Protein chains: 2
Amino acid sequence: MSRSYHHGALAEAMVDQALASVRGQGADQVSLRAIAQALDVSPSAAYNHFADKDDLLRAVGACGLAALDERMSRVLAAHLPDTPDAARARFSGLGRAYLAFAIDETHLFQLTFGPICEVKEIPPEGTGPYLKLMAALDDLDRWGLLKSGTRDGLDLIVWAATHGMATLLVEGAVPPEAAGVFIDSMARLITD
Amino acid sequence: MSRSYHHGALAEAMVDQALASVRGQGADQVSLRAIAQALDVSPSAAYNHFADKDDLLRAVGACGLAALDERMSRVLAAHLPDTPDAARARFSGLGRAYLAFAIDETHLFQLTFGPICEVKEIPPEGTGPYLKLMAALDDLDRWGLLKSGTRDGLDLIVWAATHGMATLLVEGAVPPEAAGVFIDSMARLITD
DNA sequence: TCCGGATATGAACAGTGTTCAGTCTAGCGT
DNA sequence: ACGCTAGACTGAACACTGTTCATATCCGGA
């Protein structure tokens, strides 16, 4: 065996290497040849595991989505109790986690939600982060914490606002400090 | 003169051609060489007018921002009167224009707000679209149409939500029909 | 009329993603 | 234990890409 990737480890190795490259220089600057070279493998070896360069990048994008999802899971685990206060903390915490991901994984965020990865549709069950955010919203509603008569359509608003704030942070259109302000304003706007 | 661009028209011609290419295939697929060829010009001619390929694309991105701004200006011109109803119409109309731009100029939107163009900062006065949206918000406030005590921080929320909804539409994460629902929900949420 | 500065050229360089004919080898069926 | 096949990998090639630079061309002002 030694340095021969004959036993199926190449696919994972390439994703890892590509992930590192994306983190460091952004998806546009990533070179398939460079990745192959870093792994001491011929460039064409990649095509046994990925149809495309974009196919490889999509795999990296999936890692990004998983990383975001894990951050949000950690937030939920930190506020388990079924109380109004915990429900509030979950909602704010999820939003903060989303924005924090955008701030310190800028390039990965851009790839994950960029043109290459094309998040399919909301159905069948939507992406993990989306579901978690909506569940937190349901919790707030269940405790009667939402301003009355605002529930319908709120999914879309909250999702759009959170995701939009993240992209504004990523684009540098807004400074990182604005993230906290945003979360507080949002909570103030929809709850009472 | 004939087909010789010797008299300074090359820069504009290249931007036009690049704009068309971006509209048709997206910024990633645009080739500087192809643009030059379409204009019967050597590839290196571009470097008398633009430092980079990215420099050219930035010029195209600026066109995109201008196009969005013009759509929004048209909306304002259609609802001039200084009445509460007109203020409401202006706010909703601006939002709708923003989303409409995202829907039928997908590729241009992606370039304009993508990594290449890097919207500088909000200051000195921010981009046109941002300013118009905030002015519409001020108008609503002036007429006392906003829910009491929600004004501070609302700029960020509305901006993020609108821009975020636009990117969700662009990414295909949400169907075009959702745009109307979004605008109505937003109006319902912040006004009474 | 001549000159100078902007403008366009053509060839070259270094790099890219992708294809394909051929090589190697790990592991299954007999 | 053997041969064989299916999968993994290579190396060279193709058709591109953005970018540079020495060279040639043209236009307007002195």
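Quickly run through the stretch A:127-146 and pick out the residues that are of a type in the set (A, V, I, L, M, F, W, C) and assigned to a helix (DSSP H, G or I). Before you say what the answer is, go through the steps one by one.
First, the residues of the stretch A:127-146 that are of a type in the set (A, V, I, L, M, F, W, C): A:131, A:133-137, A:140, A:143, A:145-146.
Within the stretch A:127-146, A:Leu131, A:Leu133, A:Met134, A:Ala135, A:Ala136, A:Leu137, A:Leu140 qualify.
So which of A:Ala51, A:Ala45 ends up being among the aliphatic types (A, V, I, L, M), free of Cβ contacts under 8 Å to residues at least 40 places away in the same chain and within 13 Å of DNA strand D (Cβ to nearest atom)? Before you say what the answer is, go through the steps one by one.
Working: A:Ala45 fails: free of Cβ contacts under 8 Å to residues at least 40 places away in the same chain.
Answer to the check: A:Ala51.
Which residue, of B:Val15, B:Val22, is assigned to a helix (DSSP H, G or I) and closer than 24 Å to A:Val30 by Cα? Steps first, answer last, please.
Values: B:Val15 fails: closer than 24 Å to A:Val30 by Cα.
Going through B:Val15, B:Val22 in turn, just one is assigned to a helix (DSSP H, G or I) and closer than 24 Å to A:Val30 by Cα: B:Val22.
List the helices (runs of 4 or more DSSP H) inside the stretch B:40-126, counting only whole elements, that have at least 1 residues being of a type in the set (D, E, K, R).
Per the criteria, B:53-78, B:84-104.
Residue under question is B:Ala179, and the condition is that it be more than 7 Å from chain A (Cβ to nearest Cβ) and at pLDDT 95 or above; does it hold?
On the way: more than 7 Å from chain A (Cβ to nearest Cβ): yes; at pLDDT 95 or above: yes.
Criteria met by B:Ala179.
Just wondering, is there one or more residues in the stretch A:67-76 that are within 14 Å of DNA strand D (Cβ to nearest atom) and either of a type in the set (A, V, I, L, M, F, W, C) or under 24 Å from A:Ser92 (Cα atoms) (or both)? Let's see the steps before the verdict.
Of the residues in the stretch A:67-76, the ones within 14 Å of DNA strand D (Cβ to nearest atom) are none.
Looking for residues that are within 14 Å of DNA strand D (Cβ to nearest atom) and either of a type in the set (A, V, I, L, M, F, W, C) or under 24 Å from A:Ser92 (Cα atoms) (or both), one finds none in the stretch A:67-76, hence no.
If A:Gly128 satisfies all but one of (1) closer than 30 Å to A:Gln25 by Cβ; (2) facing chain B (nearest Cβ under 10 Å), what's the number of the condition it fails?
(2)
Yes/no matrix, rows are residues, columns are (1) of a type in the set (Phe, Trp, Tyr); (2) within 14 Å of chain B (Cβ to nearest Cβ); (3) more than 16 Å from DNA strand C (Cβ to nearest atom):
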| site | (1), (2), (3) |
| --- | --- |
| A:Ala13 | no, no, yes |
| A:Gly24 | no, no, no |
| A:Ser31 | no, no, no |
| A:Ala34 | no, no, no |
| A:Asp55 | no, no, no |
| A:Val60 | no, no, no |
| A:Leu65 | no, yes, yes |
| A:Ala87 | no, no, yes |
| A:Gly93 | no, no, yes |
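Yes/no per residue for (1) touching a residue at least 60 places away in the same chain (Cβ under 8 Å); (2) open to solvent by 20 Å² or more (accessible area, probe 1.4 Å):
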{"position": "B:Pro129", "(1), (2)": "yes, no"}
{"position": "B:Lys147", "(1), (2)": "no, yes"}
{"position": "B:Thr162", "(1), (2)": "yes, no"}
{"position": "B:Leu168", "(1), (2)": "no, no"}
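The values are calculated or read from the model by the stated rules, or taken from the named source; none is laboratory data. Model, not experiment: these values are computed from the prediction. Positions of Cβ are backbone-derived with ideal geometry, glycine not excepted, and every protein chain shown enters the neighbour counts. These area figures cover heavy atoms from the full protein model, side chains too; ligands, DNA and RNA do not enter into them. Shrake-Rupley method; radii C 1.70, N 1.55, O 1.52, S 1.80 Å.
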